[in-house]
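> Take this structure first; my questions come after.
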Amino acid sequence: MASFNLCTFIGRVGTEPEQHESQEGTLVSRFRLAIDTGKDKDTLWLTIVSFKKLAELVGSYVKKGALVLVSGRLSLRPYTDKQNVEKTAIEILANDVIFLTPKAKDLQEAEVQSSEQ
């Protein structure tokens, strides 16, 4: 049976991107995205993760408050918190990050894309 895992969201960047290198030496960028779910409803917060060249571009251009479109795949990652409780992180592993409201002239046509997943 074939399967398909693709998610696309439009929202506001809620945190400045954080960058680090993985144990394998791959650049990783992570930020939170706020999705408006409608009047009188709670905001949906997503964790967006990007890798390699896309992570580099996200770190350089994505700023808190920017409106972006993120396309990627849904990922569930188990982890243990500080109290030794097993939990599951729900993340979007980004393939594309597209700027919808540029903050500066150099971002007017900025579109960050990566097929290096």
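The values are calculated or read from the model by the stated rules, or taken from the named source; none is laboratory data. These numbers come from a predicted model, not from an experiment. Quick note on the areas: whole protein, heavy atoms, side chains included, nothing else; ligands and nucleic acids left out. Shrake-Rupley method; radii C 1.70, N 1.55, O 1.52, S 1.80 Å.
> For the chain, what is the relative contact order in percent, using Cα pairs closer than 8 Å and at least 6 residues apart in sequence?
Relative CO of the chain lands at 25 percent.
> Separate question: For residue 66, enumerate residues with amide H under 5 Å from its amide H, sequence gap 5+ or separate chain, H modeled in the peptide plane.
Under 5 Å from the amide H of residue 66: 13.
> Just by accessible area at a 1.4 angstrom probe, what is the order of 47, 88 from largest to smallest?
Ranking 47, 88 by accessible area, largest first, yields 88, 47.
> Given 25 °C and 0.890 mPa s, how large is the Stokes-Einstein diffusion coefficient of the chain in µm²/s, with Rh as the Kirkwood radius over Cα pairs?
163 µm²/s
> Can you sort 35, 90 by solvent-accessible area, 1.4 Å probe, largest first?
Ranked list, largest accessible area first: 90, 35.
> Where does the range 38-86 land on the Kirkwood hydrodynamic radius, alpha-carbon pairs, in angstrom?
14.1 Å
> Shifting gears a bit: Each residue of the range 88-95 in order: what ³J(HN,Hα) in whole Hz does its phi give by Karplus 6.51 cos²θ - 1.76 cosθ + 1.60, θ = phi - 60°, with x for Gly and Pro?
Coupling constants for the range 88-95: 10, 8, 9, 10, 9, 8, 6, 9 Hz.
> Divide, for the range 8-51, the radius of gyration over alpha carbons by 2.2 N^0.38 Å, where N is the residue count.
1.41
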